[in-house]
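A.B. asks: For reference, the structure I am asking about is given below.
Read-outs: derived from the displayed coordinates by stated rules, not from any lab. In this text the structure is predicted, and so the values were computed from the model without any measurement. Cβ placement follows ideal geometry from the backbone for every residue including glycine, while neighbour counts extend to all protein chains displayed.
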Amino acid sequence: MSSTADQNPDKLTEKLVNSEMIYDGRIVHLYADTVQLPNGHTARREVVRHSGAVAIVPIDSKGNVILVRQYRHAAGRILLEIPAGTLNKGEAPDLCAAREMQEETGYKPGYLQRIGGIFVAPGYTSEFIHLYLATGLSASRLDMDADEFIEVEHLPFEEVVRRIKAGEIVDGKTVSGVLLARDILSRTIRAKDSEIDGENSLG
């Protein structure tokens, strides 16, 4: 059922009145926006504008998830994550996904399936991450950026899920990507089982 807000978005939508750039960085750009609220009043919104990113759940031939372990300065700790990276200007998300996966894990995807996407923190940033499932992997060169220090790990899928549930994996894109991939992979397995049962009944 649609809500009243869905039927009349003007009841919630804020209109941009003015935008002032505060900081122009290499990856992020900070703006101070003045918006008009639905009741006619104005408010200030501090927005980090970002070109967007991709994150990939790579599944190897043994059914393991390929993860990367790296220190995240903003978090102040080492995190275990799925490979990810920022979109270059004008770059298609699927091409970015293949590039980032090779750079961070040393594998090329044979097949990339878009499984969803997430706004990282819509309260203050425009960053949107496109999520992919990668299968049919082939080994390639490990060509990480000069300022990246990464360890690559292969973990059984359900072990990754266990660590998410236990709070051991706390990276948002990793939690979202793995759980979305789990649902898709489960449906694929059920569909194959149904095909086998159908063939057996015909036999």
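A.B. asks: In what order do E151, E127 fall by count of nearby beta-carbon atoms within 10 Å, going from fewest to most?
C.D. replies: In increasing order of surrounding Cβ atoms, one gets E151, E127.
A.B. asks: Just tell me, in residue order, which DSSP H segments of the chain are both 18 angstrom or longer along the helix axis (alpha-carbon based) and at least -1.0 in mean Kyte-Doolittle hydropathy.
C.D. replies: What comes out of the filter, once short or polar helices are dropped, is 172-202.
A.B. asks: Given that compact globular proteins tend to follow 2.2 N^0.38 Å, what is the ratio of the alpha-carbon Rg of region 82-137 to that value?
C.D. replies: Relative to the rule-of-thumb radius for its length, region 82-137 sits at 1.16.
A.B. asks: Once you order the gyration tensor axes a ≥ b ≥ c over the Cα atoms, which shape class does the chain get: rounded for a/c under 1.5, otherwise prolate or oblate by comparing a/b with b/c?
C.D. replies: Since a/c reaches 1.5 but b/c is at least a/b, the shape of the chain is classed as oblate.
A.B. asks: How would you classify region 68-168 from its alpha-carbon gyration tensor, with a ≥ b ≥ c the square roots of the eigenvalues: rounded for a/c under 1.5, else prolate if a/b is greater than b/c, otherwise oblate?
C.D. replies: rounded
A.B. asks: What's the longest uninterrupted piece of the chain once you rule out the trypsin sites (Lys or Arg not before Pro) that are loop residues per DSSP with at most 16 other Cβ within 10 Å?
C.D. replies: 142-203
A.B. asks: Please give me the summed charge of the neighbours of C96: other residues whose Cβ is under 13 Å from its Cβ, Lys and Arg +1, Asp and Glu -1.
C.D. replies: The answer is -2.
A.B. asks: First select every other residue whose beta carbon is under 14 angstrom from the beta carbon of V17; then total the charges, Lys and Arg +1, Asp and Glu -1.
C.D. replies: Around V17, the surrounding residues sum to 0.
A.B. asks: For every other residue with a beta carbon closer than 11 angstrom to the beta carbon of E127, add +1 if it is Lys or Arg and -1 if Asp or Glu, then tell me the sum.
C.D. replies: For residues surrounding E127, the net value is +2.
A.B. asks: What Rg and what Dmax come out for region 4-49 when only alpha-carbon atoms are used, in angstroms?
C.D. replies: When restricted to Cα atoms, region 4-49 yields Rg and Dmax of 13.1, 40 Å.
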